[in-house]
Amino acid sequence: MNDYSGLIKYLEGYGVSVSDDQIRQLDTYYEMMIETNKSLNLTAITEFSDVLVKHYIDSVSIVRDMDMSQELSVIDVGTGAGFPGMVLKIIFPSLNITLFDSLQKRLKFLDEVIRTLDLKNINTCHGRAEEAGHLPGMREQYDLCVSRAVANLQVLSELCLPFVKVGGKFVSYKSDKGSEELASSKHALEVLGGSLVKEDIFTLEDNEMVRNLIIIEKKKECPKTYPRKPGTPSKKPL
C-alpha cells in the first residue's frame, strides 16, 4: 500500500483522525483511478506523491475553515474524478454527498468506486448545473456546495449558489488567481444572495502551490431567473 503519512499528519493537525480502513479506501480509490485513467482522461496528475498532495490533501484542506464532521448535505459541482467530494466522503463518512458532473463517463467511474468501497449516503448526478439548479429536489437543498477547478468564480457563483440553502455555504477551491476572480465577482454575489465570509490563502504542505479557499455564505434566496440557460453564465457573466 502507498504511504499516506503526509495526509494523516496533515489531518491530525486539525484534530481529524483517520482509520486504517479509510486509508485502504483511499488507496483503492487511487488504484482504480490510475487504472481507469488509461482509457478515460480523469486526471493529468498520476504519480502517487503528487496525487496525495494536489488531489487528496488539497481536497481536505477545507478543514482549515469548516467542521466537516457534521451531518451536512453536500454537493460537489463539476466533481470530475471525484475531487473534492469523494475524498471528503471517505474521510468524513457522516457527510451526505452528491457528486455532480456533466460527463456521464466520469460518473460511471465514480459509481464503481462507490460500489467497490461500499460507501453509503453518496450518489452521483448527471446534468448541467444551469438546469439542475432549478429542480425542486436540488434547488437550495444543500448545506454546502464545493467546487474545484471548474470555472471563473464570477461564472461559478451562478452555477453553485442556487444549490445552497439560505444560511449554507459555498466553498470554491481556487489557485493564486482566486483574489482577482473574487474582485470581479462582487456584483454576481450580490445578485445571487451570496456574501463573502473569508478568503483563506495558503500553500499546501511541502509544496509551493498557492491555494485559495473562498468561503461564501448564502444570505438570501437566489432570484428565480438564476441560473440562466446553459451556456449563458459563461458567455455573459453577471
Helices (runs of 4 or more DSSP H) enclosed by region 115-222 - at least 1 residues per element that are within 23 Å of residue 65 (Cα to Cα):
153-160, 178-183, 186-192
List, please: which pairs have Cβ atoms under 8 Å, are six or more places apart or on different chains, and start with a residue in region 97-118 that is touching a residue at least 24 places away in the same chain (Cβ under 8 Å) and end with one that is basic (Lys, Arg) and assigned to a helix (DSSP H, G or I)?
97/89
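Aliphatic (A, V, I, L, M) and under 24 Å from residue 227 (Cβ atoms): is that true of residue 99 in this structure?
Values: aliphatic (A, V, I, L, M): yes; under 24 Å from residue 227 (Cβ atoms): yes.
It is true that residue 99 is aliphatic (A, V, I, L, M) and under 24 Å from residue 227 (Cβ atoms).
Answer yes or no as to whether residue 97 is modelled with pLDDT of 95 or more, part of a helix (DSSP H, G or I) and among the β-branched types (Val, Ile, Thr). Write out each step before concluding.
Values: modelled with pLDDT of 95 or more: yes; part of a helix (DSSP H, G or I): no; among the β-branched types (Val, Ile, Thr): yes.
Criteria not met by residue 97.
Please count how many residues of region 133-150 are within 15 Å of residue 211 (Cα to Cα) and in contact with a Ser or Thr (Cβ under 7 Å, 6 or more places away or on another chain). Walk me through it before giving the result.
In the first step, residues of region 133-150 are kept if they are within 15 Å of residue 211 (Cα to Cα); the result is 146-150.
Retained after the next criterion (residues that are in contact with a Ser or Thr (Cβ under 7 Å, 6 or more places away or on another chain)): 147.
Looking only at that region, the number is 1.
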Within region 126-138, residues being without any contact (Cβ under 8 Å) to a residue 40 or more places away in the chain and surrounded by fewer than 22 Cβ atoms within 10 Å (Cβ to Cβ) number 5
Any residue in region 158-173 that's surrounded by fewer than 20 Cβ atoms within 10 Å (Cβ to Cβ): show its pairings with residues that are of a type in the set (Phe, Trp, Tyr) and part of a strand (DSSP E or B) at Cβ separation under 7 Å, as long as the two are six or more apart or on different chains.
165/142
Limited to region 170-183, what total is found for residues that are within 16 Å of the chain's Cα centre (by Cα) and more than 23 Å from residue 131 (Cβ to Cβ)?
4
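The values are calculated or read from the model by the stated rules, or taken from the named source; none is laboratory data. Worth saying up front: this structure is predicted, and the values here are computed from it rather than measured. No Cβ is skipped: glycine too gets one built from the backbone with ideal geometry, and neighbour counts run over all protein chains shown.
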